[in-house]
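A short write-up of the structure that comes next.
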Amino acid sequence: MNNSDFEAKIAYTFKNKELLDKALTHSSFCREHAVDAGSNNGRLEFLGDAFFDAVISVELYRRLENVDEGKLTKTRALIVCEKSLATVAARLNIGSHLNMGKGEEHSGGRQRESIMADAVEAVIGAIYLD
């Protein structure tokens, strides 16, 4: 799959293109096409979520020197949440780049916030590994 237009949108070119393909593959695609379940973006989403959380935590720690951990945690939660990640996904039009099963697509999966947020986290995980 050629995802060069998506790479241009995120201003990052993958050395390992398979990582991007996996990041943009929803589990419904694997189920419908009898593809190994390990080929979907679930594990990359797990990694991207943790990495993004850590990066945001470091930035908040550095930028908000006089803020206690409770306020830092609440601020991070506003940034690292489904709604904000879905907003980023919409800006990137990530839904149009996802490999998705027909059933999920027909039920609005390309616009579903949870799927879009998960895909952003998966791309972050893929970039980290690349």
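Let's see how each residue does on (1) hydrophobic (A, V, I, L, M, F, W, C); (2) within 24 Å of Arg31 (Cα to Cα); (3) in a helix (DSSP H, G or I):
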| residue | (1), (2), (3) |
| --- | --- |
| Glu59 | no, no, yes |
| Ser84 | no, no, yes |
| Val88 | yes, no, yes |
| Gln111 | no, yes, no |
| Ala119 | yes, yes, yes |
| Val123 | yes, yes, yes |
| Tyr128 | no, no, yes |
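State which residue is most open to solvent (accessible area, probe 1.4 Å) when the search covers only the stretch 49-63 and only residues that are charged (D, E, K, R) and over 23 Å from Lys22 (Cβ atoms). Can you show your working first?
As a first pass, look at the stretch 49-63 and keep what is charged (D, E, K, R): 49, 53, 59, 62-63.
Subset that is over 23 Å from Lys22 (Cβ atoms): 59, 62-63.
Values: Glu59: 64, Arg62: 153, Arg63: 181 Å².
So, considering only residues that are charged (D, E, K, R) and over 23 Å from Lys22 (Cβ atoms), the one most open to solvent (accessible area, probe 1.4 Å) is Arg63.
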- Message: Can you find, within the stretch 13-42, the residue that is modelled with the lowest pLDDT among those that are part of a loop (DSSP other than H, G, I, E, B) and surrounded by 14 or more Cβ atoms within 10 Å (Cβ to Cβ)?
- Response: Val35
- Note on the structure: Of the residues in the stretch 1-12, those that are open to solvent by less than 40 Å² (accessible area, probe 1.4 Å) and either in contact with a Phe, Trp or Tyr (Cβ under 6 Å, 6 or more places away or on another chain) or not in a helix (DSSP H, G or I) (or both) number 1
- Flag for Asn66 being open to solvent by 80 Å² or more (accessible area, probe 1.4 Å), at negative phi and not basic (Lys, Arg): yes
- Message: Looking at the stretch 92-102, can you tell me whether even one residue there is open to solvent by 60 Å² or more (accessible area, probe 1.4 Å), farther than 21 Å from Leu19 by Cα, part of a helix (DSSP H, G or I) and of a type in the set (Lys, Arg)?
- Response: yes
- Task: Please tell me if Phe46 is touching a helix residue (DSSP H, G or I) at 6+ places or on another chain (Cβ under 9 Å), open to solvent by 60 Å² or more (accessible area, probe 1.4 Å) and not aliphatic (A, V, I, L, M).
- Result: yes
- Message: Looking only at the stretch 71-130, how many residues end up being of a type in the set (Lys, Arg) and touching a residue at least 40 places away in the same chain (Cβ under 8 Å)?
- Response: 1
- Scan the stretch 69-78 residue by residue and report those that are open to solvent by 60 Å² or more (accessible area, probe 1.4 Å) and among the β-branched types (Val, Ile, Thr). Thr73
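The values are calculated or read from the model by the stated rules, or taken from the named source; none is laboratory data. What you are looking at is a predicted structure, and each value in this text was computed from that prediction instead of being measured. Positions of Cβ are generated from backbone atoms using ideal geometry, with glycine treated the same way; all protein chains shown enter the neighbour counts. The area values use the complete protein model at the heavy-atom level, side chains included, leaving out ligands, DNA and RNA. Shrake-Rupley method; radii C 1.70, N 1.55, O 1.52, S 1.80 Å.
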